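The block underneath contains the structure these notes are about, expressed in structure tokens.
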Amino acid sequence: MLKIGEFSKLSRVSVRMLRHYDEIGLLKPAEIDRFTDYRYYREDQLPTMCRITSLRDMGFSLADIVKILGIYDEREALEGYFSARQRELEEISLDTARKLALLDAARERLRKEQTMSYDITLKTIPERCAATVQMTIPHYEDEGMVWSMLVGETCRMNLAEADPCLCAVTFLDGEYKETDVEVLAWKTVKGVYPDTEHVKFRTLPEVTVASCTFQGSYEQITNVYAAMIGWIEANGYESDGPMFNIYHISPHETKNPDEFVTEACYPIKKK
């Protein structure tokens, strides 16, 4: 028989932890002296202690370890625990990889922001004829749904593009929406065409905007908007309608986000 101190050294588990294991019924001493309250362990309890340590290193909770030790000789049941833990660890690994990628992206954005400035100008976009689609999309990143509908319903109409041809999305909601985003997609055209089920041909009015054209991924759009708001306030203007983005080079032309060219437009008027 081994005193608790000797068992602690051999198993490389602290006396405090051994007492805790005793309290929760995970590993009880082989014998407790009823006069001195000394705890004694058998040598053949060391392999069990090794199993406990190994299971803890795998990330199993003490409650699960109690259950696993009870079925350790049942191969199929044990495999079930191991498989479930493997799935959990794989999910954690994927989540960690995603967070690391976000950290790398944040560092890259910070590096670019140190040398990046946004040139904001006042411009007037003249009255224009446009093929338009207004619809509610699940999320902002689902803009492709609107363009697919516009293209799908006009592909046989041989639309003559305006010069320049502007492709844009106007965000109609008065606030940021996590779901059910109301948008109006429009593409400037020349000529007269019949409406389809979802595509309406409209004359959009002249609009004065604060304009900022930037190159790169859409991740920087919030910084662009912040710079525009600052410019609008500093120059004595205020909002005069929903903002819109004109896509000069979009995912339709390139899959490389660094090559995107977007013009953010904020309709404004003098205060």
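Structure values in brief
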item: Links that overshoot a 21 Å alpha carbon limit, given the list Lys3/Lys28; Lys123/Lys255; Lys177/Lys271; Lys28/Lys67; Lys99/Lys177; result: Lys123/Lys255; Lys177/Lys271; Lys99/Lys177
item: Packing rank of 189-198, 217-226, where each peptide gets the mean count of other beta carbons within 10 Å, highest leading; result: 217-226, 189-198
item: Segment 33-73: trypsin sites (Lys or Arg not before Pro) falling in loop per DSSP and having at most 12 other Cβ within 10 Å; result: Arg34
item: Theoretical ellipticity at 222 nm over the chain - DSSP helices of four or more residues, -39500 (n - 2.57) apiece, nearest 500; result: -12500 deg cm²/dmol
item: Cleavage-rule hits (GluC sites (Glu not before Pro)) in segment 29-135: DSSP loop, at most 14 neighbouring Cβ within 10 angstrom; result: Glu74, Glu127
item: Residue-normalised accessible area of segment 28-129, given per residue in Å² at a 1.4 Å probe; result: 75
item: 13 Å Cα-Cα reach of Lys9 towards aspartates and glutamates, excluding residues that sit fewer than 8 places from it in its own chain; result: Glu43
item: Cα-based convex hull volume of the chain per residue, rounded to whole Å³; result: 240
item: Sulfur and carbon atoms: percent of accessible area, the chain [1.4 Å]; result: 51
item: Per-selection metrics, segment 147-263 (Cα): Rg and Dmax in Å; result: 15.7, 48
item: Highest-first arrangement of 172-180, 146-154, where packing means the average Cβ count within 10 Å; result: 146-154, 172-180
item: Convex hull volume per residue in cubic angstrom - Cα atoms of segment 141-194; result: 100
item: Peptide ranges 181-188, 246-253 listed from the most packed, as the mean C-beta count within 10 angstrom indicates; result: 181-188, 246-253
item: Rotationally averaged projected area of segment 13-108 (alpha carbon convex hull; nm²); result: 8.5
item: Mean projected area in nm² (Cα convex hull; one quarter of hull surface) for segment 49-105; result: 4.4
item: Unit charges on C-beta of K, R, D, E only; dipole of the chain, Debye; result: 780
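The values are calculated or read from the model by the stated rules, or taken from the named source; none is laboratory data. Since we're looking at a predicted model, the values are computed, not measured. Here the Cβ is made from the backbone with ideal geometry for all residues, glycine too, and neighbour counts use every protein chain on show. In case anyone asks, the SASA skips ligands and DNA or RNA and just uses the protein heavy atoms, side chains included. Shrake-Rupley method; radii C 1.70, N 1.55, O 1.52, S 1.80 Å.
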